[in-house]
Amino acid sequence: MRNVKAFEVNWKRRREVNMRLIAIAIAAAAAMLAGPAAAQQWPARSVKLIVPYPAGGNVDSAARIIADKLQEKLGQPFIIENKAGAGGMIAGEAFAKSAPDGYTLFVGANGPVLFATEINKRDAYSWKKDFLPISTISMTPLVLEVHPSVQANNFKEFIDLAKREPGKLTMASPGPGTTNHLLSELMQSSLELQWVTAHYRGNAPAINDLLGGQVQFAFDQLTVSLQHIKAGLFRALAVTSPHRLKSLPDVPTFAELGYKDFDGQTFTGLFAPAGTPAPVVDKLHETLVAILKDPGVIDKFEKLGGESTPMTPVEFRAYLEREDAKWIPVVRKANIKAD
């Protein structure tokens, strides 16, 4: 009888183990099938694109260009939600809390992605753990431009003027911690220059004061300033792009002038929440790259003063790592804080 009972106990145990193994195998198989199924079904409804700035700026414009094309190619609405405030951190925090299902995406730029939490001294999110980079969308260079009253026709003359009269020139900044501001701080530190920084709440009021001569110069997105440069209202001295621009062929790059560190550009990029299924990410990336290679889309970005610049997720993450390593020390050394 003991042998019979022992046999029954062992048999039951083996059956329980086998049932658990079968359950694990079924779960694993389901997980393997879930990825492709998610990609095939996505998007099954509208997708939200969070933009961390008001409507009308270069980031919002980039988001609207790709939203229209994503809707056209994927057959579902891609809806822009402008969520401005705290240098983009309000939008970044909301995005970081989103479900990783591919239905909430983020069109971010340098400030909201890399600098906002550092400048605001709030550990609300981290792009390294909360954001999954899909691809860059566009790169928009900055241009060093001066009011016509400034006695400098090129960058060397500008440096000589700044050294000769430290603290006399005033730079119009669209806000603390913007790429414009950080480039200004880097240049002052690297070249031992000194000028006054006037912070505004955005590009528009900064450029208005530069037009009026209340401030003397700015590092500004070409998107905003090209029309004024073409009209002779500003004098362009150098651009931060890696090559000369079609729209300003006579203006040298900082690299040409021997200043390779002054290559700050404003990127716009597409992100999904960390944990978004790989097949959804792959489908989104493939679609976005096809859009960014479309001649009509390339032309739209060129008219905005930028370049359509697709990257792989790996390339985009590596780019962000380099930008983080370059600019966060500038933020800390200059002790840049939110107003």
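Here are the numbers for the structure shown:
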| read-out | value |
| --- | --- |
| Residue, most open to solvent (accessible area, probe 1.4 Å), within the range 64-88, restricted to residues that are over 15 Å from V107 (Cβ atoms) and hydrophobic (A, V, I, L, M, F, W, C) | A86 |
| Residue match in the range 142-155 (condition: of a type outside the set (A, V, I, L, M, F, W, C) and within 22 Å of the chain's Cα centre (by Cα)) | no |
| Residue under evaluation F106, criteria (1) in contact with an Asp or Glu (Cβ under 9 Å, 6 or more places away or on another chain); (2) surrounded by 24 or more Cβ atoms within 10 Å (Cβ to Cβ), criterion not met | (1) |
| Residue among Q221, Q216, Q188 that is of a type outside the set (D, E) and surrounded by fewer than 18 Cβ atoms within 10 Å (Cβ to Cβ) | Q188 |
| Subset tally (residues that are open to solvent by 50 Å² or more (accessible area, probe 1.4 Å), within 19 Å of K73 (Cβ to Cβ) and assigned to a helix (DSSP H, G or I)) for the range 291-322 | 4 |
| Residue that is at pLDDT 95 or above and touching an Asp or Glu at 6+ places or on another chain (Cβ under 6 Å), where the choices are A274, A278 | A274 |
| Output for the range 274-290, where each listed residue is polar (S, T, N, Q) and assigned to a helix (DSSP H, G or I) | T287 |
| Given (1) under 28 Å from the mean Cα position of the chain (by Cα); (2) at pLDDT below 95, number of the condition K5 does not satisfy | (1) |
| Test result for L257, open to solvent by 50 Å² or more (accessible area, probe 1.4 Å), in contact (Cβ under 8 Å) with a residue 60 or more places away in the chain and under 18 Å from A152 (Cβ atoms) | yes |
| Filter result for the condition that a residue is at pLDDT 95 or above, in contact with a strand residue (DSSP E or B) (Cβ under 9 Å, 6 or more places away or on another chain) and basic (K, R), over K293, K300 | K293 |
| Qualifying positions in the range 258-280 - of a type outside the set (G, A, S) and in contact with a strand residue (DSSP E or B) (Cβ under 6 Å, 6 or more places away or on another chain) | Q265, T266, F267, T268, L270, F271, T276 |
| Index of the failed condition, K121 passing every other in (1) open to solvent by less than 10 Å² (accessible area, probe 1.4 Å); (2) out of contact with any Gly (no Cβ under 8 Å at 6 or more places or on another chain); (3) not hydroxyl-bearing (S, T, Y) | (1) |
| L237 vs. criteria open to solvent by 60 Å² or more (accessible area, probe 1.4 Å), among the aliphatic types (A, V, I, L, M) and in contact (Cβ under 8 Å) with a residue 40 or more places away in the chain | no |
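Per-residue answers, yes or no, for (1) touching a residue at least 60 places away in the same chain (Cβ under 8 Å); (2) among the charged types (D, E, K, R); (3) in contact with an Asp or Glu (Cβ under 8 Å, 6 or more places away or on another chain); (4) buried (at least 22 other Cβ atoms within 10 Å of the Cβ):
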site	(1), (2), (3), (4)
D130	yes, yes, no, no
S149	yes, no, no, no
F155	yes, no, no, no
G167	no, no, no, no
P176	yes, no, yes, no
T179	yes, no, no, yes
L193	no, no, no, no
V196	no, no, no, no
A206	no, no, yes, yes
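The values are calculated or read from the model by the stated rules, or taken from the named source; none is laboratory data. Keep in mind it's a predicted model, so treat the numbers as computed, not measured. Reconstructed Cβ throughout: ideal geometry from the backbone, glycine too, with neighbour counts over all protein chains shown. Calculation scope for accessible area: heavy atoms of the full protein, side chains included, ligands and nucleic acids excluded. Shrake-Rupley method; radii C 1.70, N 1.55, O 1.52, S 1.80 Å.
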